[in-house]
Amino acid sequence: MSIGEGLARASEIYHDPARRVKELKAQGKRIIGYTCIYAPLEILTALDLFHYRLRGDIRESITEADKAFPISSCPLVRNWFDLACKGRYDFLDGMVGVHSCDPQEKACHIWKTLISHSFFPYIDMPQTSHEWSWEQYKANLKDFIKISESFAGKRLSPERLRESIQLYNRRRALVRELYELRKPDPPLISGTENLQVMVALESIPMEEGSELLEQVIGEVRGRKDGPQKKPVRILLYGASIDDVAYSELIEGAGANLVMDDNCVGSRSYFQDVELTDDPLDGLVHYHLVGLRTPRTFVEAVVGEARKDRAADLESRFDYLGNHVKEWKVNGVIFQLVRYCDPFGYELVDARDYIYSLGTPNMYLEHDYTGGALAPLRTRVEAFVETIAPVA
């Protein structure tokens, strides 16, 4: 496959994401770390604070984190915390903590104790989309803004926040445009290349990220020798899939990885933030309703005592059905990191919904290490062989 300048740039950032961040820090930028899509990035950008998403490293043995976390805790959280303890993220000037799950909540408080930052706000996230949850979360965002304003040394006006939201919506539109290029058969861009672009976006400034997307989209559209056509088209579902080892595993097994639903991929880009009179209302709706993850339970009928399971499944997973249809998916791989309780509980219902569509699927669980790849590869190869059309 030919690789243009945009894809080459994305690959370079993917393999050395901290390089650009350290350049920005040398220029006087303050670098704020975050680990979850629920961090209110629009607010940070509006205050001229550069945000950088922490990644794990499946090739790094966890040693330091074992002093603070039980080994039965989320391997991904333990991994990036371990890297922080070893100095991998010493360039950070602060962190944003969000209660997206219990392990991340615990990690935030332990981090505050062991790693000193002058800026470390913590946002408590409601678990439902009820009206009182909206009120609570909006109040929490107001507190977050006050703390961030004090650290940044400037005030955040509604107009500036609205402008920031528009910038992010523009990026979301570009990401959706990028994903459209995976609809053809064969796709114009591979799942591995796509993931490198998505990781790169979380490691460079907003404007640079949008320019990178435009460049990649332009060069991929003109490609003559992109990915080869394969008989199986896979959708990969999971929490945070931030290493191309998993996409390479699937594509090496004889399938095209044409769509994903995870927190480093499409999940935070397929819904815009509404431009409301009070921009915080748009952010609240986006985080509590727009982001479709297991950590927030969205009922088909809020407060209804007698549940309609079919209606609830449709309201929670209809977007997956749309992905399967629009990207012509004929196999779904549910990939979860061990001990991930929110996604683990959600898995049964998600698989039931996919089964109702008549789409074959399989479940993979791993411990976020390189050693897990070999057995995963064997299982994926068997799954692809099983669902591949007979020649």
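Please work out if L347 is under 18 Å from the mean Cα position of the chain (by Cα), without any contact (Cβ under 8 Å) to a residue 24 or more places away in the chain and surrounded by 13 or more Cβ atoms within 10 Å (Cβ to Cβ). When the stated conditions are applied, L347 passes them. Here A107 fits the description: among the aliphatic types (A, V, I, L, M), within 16 Å of A39 (Cα to Cα) and buried (at least 19 other Cβ atoms within 10 Å of the Cβ). Return the residues of the range 115-159 that are basic (K, R) and over 25 Å from the mean Cα position of the chain (by Cα); say none if nothing qualifies. Of everything in the range 115-159, those that are basic (K, R) and over 25 Å from the mean Cα position of the chain (by Cα) turn out to be K146, K154, R155. Please work out which residue is modelled with the highest pLDDT, limiting yourself to the range 1-38 and to residues that are more than 15 Å from F50 (Cα to Cα) and polar (S, T, N, Q). Among those that are more than 15 Å from F50 (Cα to Cα) and polar (S, T, N, Q), it is S11. In the range 322-332, the count of residues that are surrounded by 17 or more Cβ atoms within 10 Å (Cβ to Cβ), farther than 30 Å from I250 by Cα and touching a Pro at 6+ places or on another chain (Cβ under 9 Å) is zero.
When residues in the range 319-349 are screened for being at pLDDT below 95 and part of a helix (DSSP H, G or I), 9 of them pass.
Give the residues of the range 350-365 that are touching a residue at least 60 places away in the same chain (Cβ under 8 Å) and part of a strand (DSSP E or B), sorted by residue number.
Listed by number, the list is empty, since nothing qualifies.
Annotation for the range 64-82: no member residue is buried (at least 21 other Cβ atoms within 10 Å of the Cβ), closer than 28 Å to N140 by Cβ and acidic (D, E). Out of A200, A152, one residue alone is buried (at least 16 other Cβ atoms within 10 Å of the Cβ) and under 30 Å from V324 (Cβ atoms). It is A200. Among the residues of the range 220-250, which ones are part of a strand (DSSP E or B) and modelled with pLDDT of 95 or more? V232, R233, I234, L235, L236, Y237, listed by residue number.
The residue list I32, I37 contains one member that is among the aliphatic types (A, V, I, L, M) and in a loop (DSSP other than H, G, I, E, B), which is I37. Residues that are among the hydrophobic types (A, V, I, L, M, F, W, C), touching a Gly at 6+ places or on another chain (Cβ under 9 Å) and closer than 27 Å to L376 by Cβ do occur in the range 323-335.
Of all residue pairs spaced 6 or more apart or on separate chains, those with beta-carbon atoms under 7 Å, a first member in the range 308-321 that is within 11 Å of V298 (Cβ to Cβ) and a second member that is of a type in the set (G, A, S) are D312/A300; S315/A300; F317/A350. Name the residues in the range 125-158 that are over 15 Å from L283 (Cβ atoms), assigned to a helix (DSSP H, G or I) and either in contact with a Lys or Arg (Cβ under 8 Å, 6 or more places away or on another chain) or of a type outside the set (S, T, Y) (or both), would you? E131, W132, K146, I147, E149, F151, A152, listed by residue number. Scanning the range 159-200 for residues that are among the aliphatic types (A, V, I, L, M) and either at pLDDT below 95 or in a helix (DSSP H, G or I) (or both) turns up L161, I165, L167, A173, L174, V175, L178, L195, V197, M198, V199, A200. Would you confirm whether any residue within the range 289-307 is surrounded by fewer than 18 Cβ atoms within 10 Å (Cβ to Cβ), assigned to a helix (DSSP H, G or I) and either among the β-branched types (V, I, T) or modelled with pLDDT of 95 or more (or both)? Within the range 289-307 (the criterion being surrounded by fewer than 18 Cβ atoms within 10 Å (Cβ to Cβ), assigned to a helix (DSSP H, G or I) and either among the β-branched types (V, I, T) or modelled with pLDDT of 95 or more (or both)), the answer is yes, since at least one residue qualifies. Which of the residues belonging to the range 40-95 are at pLDDT 90 or above, assigned to a helix (DSSP H, G or I) and among the acidic types (D, E)? Across the range 40-95, the qualifying residues are E42, E64, D82. Of note, L357 does not satisfy the criterion of being closer than 23 Å to Q104 by Cα, hydrophobic (A, V, I, L, M, F, W, C) and at pLDDT 90 or above.
The values are calculated or read from the model by the stated rules, or taken from the named source; none is laboratory data. The model shown is predicted, which means the values in this text are computed figures rather than measured ones. When we count neighbours, we look across all protein chains shown, and the Cβ atoms used for this are built from the backbone with ideal geometry, even at glycine.
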